[in-house]
1. Give, in whole angstrom and from largest to smallest, the semi-axes √(5λ) of the equivalent ellipsoid of segment 38-114, with λ running over the eigenvalues of the Cα gyration tensor.
2. What's the exposure ranking of Thr98, Thr72, Thr121, going from fewest to most Cβ atoms within 10 Å?
3. Around Pro43, what is the net charge, scoring Lys/Arg as +1 and Asp/Glu as -1 over all other residues with Cβ under 13 Å from its Cβ?
4. Show me 52-62, 81-91, 108-118 ranked by packing, highest mean number of other Cβ atoms within 10 Å first.
Amino acid sequence: MKLLFISLCAFVSVSVNAQSEKQSQLNQQCRKNDPGFDVIVKPEQGGSFVLQLDNPEMKKISIQISHAELGTAVDTVVQSATYYCRYRFDLAEDGNYTIRVGNGKQVVSRKLQIETRAFVTRQIEIR
């Protein structure tokens, strides 16, 4: 009985070690693809959006916002642990924009579309 118990414990131990090694290899592969920073883009009302950047390694990060036809609208570099900025595009030209955030080796891109919607209302006034 003791021999069976010891054999079972040894098998479980070897199995757990093999799974741990596989998980470690997967974590290393994920770290290779991880740019080292996180980007969040949230639309807001009134033609603006918020760009939030978490940069724990405090590397130089380039932020570019460009219109598909008109070119670059924003081009800046930050080197801080966090960056939070509200971009007001209420007067910007309609069209497709690309937000690129990168550290020189890896780039994270987000697409943004601005479209003006005009509503016509009719009012009747009796005098």
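1. 22, 14, 9
2. Thr121, Thr72, Thr98
3. +2
4. Ranking, from highest mean packing down: 52-62, 81-91, 108-118.
Read the figures in this text as sums done on the coordinates, not as results from a lab. For clarity, every value in this text was computed on a predicted model and none was experimentally measured. Methodologically, a virtual Cβ is constructed for each residue, glycine included, from the backbone with ideal geometry; neighbour enumeration extends over all protein chains shown.
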